[in-house]
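Read the structure below first, then the notes.
The values are calculated or read from the model by the stated rules, or taken from the named source; none is laboratory data. Note that the coordinates shown come from a computational prediction; the quantities given were computed from them, not determined experimentally. Quick reminder, even Gly has a Cβ in these numbers, built from the backbone with ideal geometry, and neighbours come from all protein chains shown. Ligands, DNA and RNA are stripped out before the accessible areas are found, and what is left, the full protein with its side chains, is counted by its heavy atoms. Shrake-Rupley method; radii C 1.70, N 1.55, O 1.52, S 1.80 Å.
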Amino acid sequence: MTDSYVTGAVIKRLREGKALTQEQLAETICVSGKAVSKWETGRGFPDISLLEPLAQALGISVIELLSGDCIMNRNRAANMARSRLYVCPVCGNVIQSCGDAVVSCCGITLPAQEAEAADEEHAIRLELVEDEYFVSVSHPMTKEHYISFVMAVSDQRVQLVKFYPEQGAEARFKIDGVKYLYAYCNRHGLFRLDV
């Protein structure tokens, strides 16, 4: 048995976490208690048509149900400086969350990006211009290798500027308590500069 589909252990753990009996869960999603028992003991799987009602009954998303990871955002204060970034390698979509999340784009579950300190090739340059930071990254901007975006993050705000190949990697951001600057290279990942 593989973990590519909902496992019985996941269903059981989530059901018990909601303090539901097998019968109560079964009644909620209109199946028999025996069906839930079979799923939990690995003698069967829920039909694909049941995934959405099952996830809803267990209080999670379908993606979380399929992955077996229940993500609880403990970042209740929504401090933007604790943001997580997810970047789709297929379409370049940038998704920001205020805490851990299960994020999917183009059929791929995306890992949160881990920022490295900006190196010489990805140096993030910062100049003060009146009430703004002028940010630039001196990096090739070819169709194959480029800076996809730069982002300024404070406790209360995220400011993001998206770039495209053959465009200069320059942006202006309101100073407004900025703590971190990020630059994302389509080949080498995420880089950070502490302000």
> Residue-wise, which Karplus ³J(HN,Hα) couplings in Hz belong to the range 109-116, taking 6.51 cos²θ - 1.76 cosθ + 1.60, θ = phi - 60°, and x for glycine or proline?
Replying inline: 7, 8, x, 5, 6, 9, 7, 9
> Per-residue accessible area for Glu170 at 1.4 Å probe radius, Å² rounded to 10?
Replying inline: 110
>> Over the range 83-136, what is the relative contact order in percent, taking alpha-carbon pairs closer than 8 angstrom and at least six residues apart?
In response: 26
> With charges only on Cβ, +1 for K and R and -1 for D and E, what is the dipole size of the chain about its Cα centre, in debye, rounded to 20?
Replying inline: 700
>> Give me Rg/Rg_expected for the chain, where Rg uses Cα atoms only and Rg_expected = 2.2 N^0.38 Å with N residues.
In response: 1.34
>> Can you list the DSSP H helices in the chain whose Cα atoms extend at least 24 Å along the helix axis and whose mean Kyte-Doolittle hydropathy is -0.5 or higher?
In response: none
>> Lysine pairs in the chain with Cα distance under 18 Å, only those 8 or more apart or on different chains: how many are there?
In response: 4
>> Can you give me the solvent accessible area of Ser136 with a 1.4 Å probe, rounded to the nearest 10 Å²?
In response: 20
> What does the accessible area per residue of the range 42-195 come to in Å², with a 1.4 Å probe and no ligands, DNA or RNA counted?
Replying inline: 55
> Considering the alpha-carbon set of the range 103-195 alone, what are its Rg and its Dmax in angstrom?
Replying inline: 13.3, 44
> On the accessible surface of the chain, probed at 1.4 Å, how many percent belong to carbon and sulfur atoms?
Replying inline: 48
>> Using the Cα centre of the chain as origin and beta-carbon charges of +1 (Lys, Arg) and -1 (Asp, Glu), tell me which of Ile11, Ala117, Ile29 is placed farthest towards the positive end of the dipole.
In response: Ile29
> Given Cα pairs under 8 Å that are at least 6 residues apart, what percent is the relative contact order of the chain?
Replying inline: 15
> Hey, what number do you get for the chain at 222 nm if only DSSP H runs of n ≥ 4 count, each worth -39500 (n - 2.57), divided across all residues, to the nearest 500?
Replying inline: -5500 deg cm²/dmol
>> Let me cross-check Thr28: its accessible surface, 1.4 Å probe, with only protein heavy atoms counted, in Å² to the nearest 10?
In response: 90
>> Using the Karplus curve 6.51 cos²θ - 1.76 cosθ + 1.60 with θ = phi - 60°, what ³J(HN,Hα) values do you get for each residue of the range 170-186, in whole Hz, with x for Gly and Pro?
In response: 9, 7, 10, 10, 4, 4, 5, x, 4, 9, 9, 10, 10, 9, 10, 8, 5
